[in-house]
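Before any comments, here is the structure.
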Amino acid sequence: MNISVNMPPCVAFHNGHFTAEDLITKVTRSGDLAGVFYDTDAWRALPPETAIYQVEMLKSPQGEGELYAGTTHLNPGRIGDEFYMTRGHFHQRREQGEVYFGLRGTGLLLLQDEQGKARFEQVSPGSVHIIPGATAHRLINTGTEVLSALAVWPTIAGHDYAALAQGFALRVVLQGGKIHGKEVQNG
Ligand code: F6R
Ligand code: MN
């Protein structure tokens, strides 16, 4: 009996790029990130079309039980002394978690609960990050190459950016040549 085998999409684990028929890509530029970096003068000085990160993800069916897979490619760089980072979000559906896998580059995953308590996990090739429900998450590139992280999350999770309008409780800056975590009072 002949068996019929479908070819699934593929992800290259050394850089996180997908080979697939249906790929969605979205570039986030510095001009999209008003109010995210604390040094507003340095942010204004950067051309707004500067690409900060790109997400490529597979198209997925929508609904309870369905999953997305996607890679975030976060460029290296700083705005002022603050490392490039993603906007960061809670999931709209707070109970929904997510898994991140570090693939390339080095950085930090900033996690923050609804009480404002924040912590970091080191992201590097092979690292596995279980993001629980009700936990905001942001990637920060503290290295000199692109930071790529693969993520798997429920299609019903959604994004709630507004709940973090005040920003995260911790920022990551380069100070005296060292990577430094800074506590922030008002974002
Ligand atoms: C999905 C997820 C990632 C991020 C991506 C960009 O739930 O966590 O795919 O969406 O890293 O970050 P944001 O969405 O914060 O701009
Ligand atoms: Mn998420």
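The values are calculated or read from the model by the stated rules, or taken from the named source; none is laboratory data. Since this is a predicted model, take the numbers as computed values, not measurements. Positions of Cβ are generated from backbone atoms using ideal geometry, with glycine treated the same way; all protein chains shown enter the neighbour counts. We work out accessible area using only protein heavy atoms, side chains counted, and drop any ligands, DNA or RNA first. Shrake-Rupley method; radii C 1.70, N 1.55, O 1.52, S 1.80 Å.
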For residue 128 and residue 29, FRET efficiency with R0 = 41 Å and r from the beta-carbon atoms, rounded to 0.05? 0.90
For the range 87-159, Rg(Cα) over 2.2 N^0.38 Å is 1.06
At R0 = 45 Å, FRET efficiency that the Cβ-Cβ distance of residue 174 and residue 60 yields, to 0.05: 0.75
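Hey, if we sort 13, 120 by accessible area with the 1.4 Å probe, largest down, what's the order? Please list the in-between numbers first.
Details: 13 140, 120 75 Å².
Solvent-accessible surface, decreasing: 13, 120.
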Using only the alpha-carbon atoms, what does the range 32-174 span along each of its principal axes? Please give whole angstrom values in decreasing order. 44, 31, 27
Once a ≥ b ≥ c are taken as the square roots of the eigenvalues of the Cα gyration tensor of the range 53-118, is the result rounded (a/c under 1.5), prolate (a/b larger than b/c) or oblate (a/b not larger than b/c)? oblate
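Taking all protein chains as present, what is the carbon and sulfur share of the accessible area of the range 1-153, in % to the nearest whole number, probe 1.4 Å? Mind dumping the intermediate values first?
Working: 4300 of 8020 Å².
On the range 1-153, the fraction of accessible area on carbon and sulfur atoms equals 54 percent.
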Full-extension gain in nm, residue 13 to residue 120, via 0.36 nm per residue minus C-alpha separation: 36.2 nm
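Rolling a 1.4 angstrom probe over the protein heavy atoms, how many square angstrom per residue are accessible across the chain? Each step should come with its number before you reach the end.
On the way: 10020 Å² over 187 residues.
About 54 Å² of surface per residue is accessible.
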Quick one: grab the alpha carbon gyration tensor of the range 122-170, order the square roots of its eigenvalues as a ≥ b ≥ c, and give me rounded if a/c is under 1.5, else prolate or oblate depending on whether a/b is larger than b/c. oblate
For a quick check, take a GNM of the chain with Cα springs below 10 Å and name the residue from 113, 160, 41 with the largest mean-square fluctuation. 41
